[in-house]
């Protein structure tokens, strides 16, 4: 699953924790430690963006973390 998460972020460039949660059917709290692995390896970082670039706007009302491929 770690590689799938990395590949998803690499393809989409910027993703939200909600996007990842929906895509992999895993609670956002469970994804957090997996994302930290990639952050610590230096291939992903928390983004300052307030949008993943998608036009759906389905997560705009929540406090969402965004991650981007470096």
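So, of the residues in the range 8-17 that are in a helix (DSSP H, G or I) and in contact with a helix residue (DSSP H, G or I) (Cβ under 7 Å, 6 or more places away or on another chain), which turns out to be surrounded by the most Cβ atoms within 10 Å (Cβ to Cβ)? The extreme case among them is 17. I'd like the residue in the range 59-70 that is at pLDDT 60 or above and touching a helix residue (DSSP H, G or I) at 6+ places or on another chain (Cβ under 9 Å) and, out of all such residues, is farthest from residue 9 (Cα to Cα). Result: 62.
On inspection, residue 51 qualifies as surrounded by 14 or more Cβ atoms within 10 Å (Cβ to Cβ), modelled with pLDDT under 90 and either at positive phi or outside any helix (DSSP H, G or I) (or both).
Scanning the range 19-48 for residues that are more than 11 Å from the chain's Cα centre (by Cα) and not in a helix (DSSP H, G or I) gives 25, 26, 27, 42, 43, 48.
The values are calculated or read from the model by the stated rules, or taken from the named source; none is laboratory data. Quick caveat, the model's predicted, so the values are computed rather than measured. In this analysis, Cβ positions are derived from the backbone assuming ideal geometry, glycine residues included, and neighbour counts consider all displayed protein chains.
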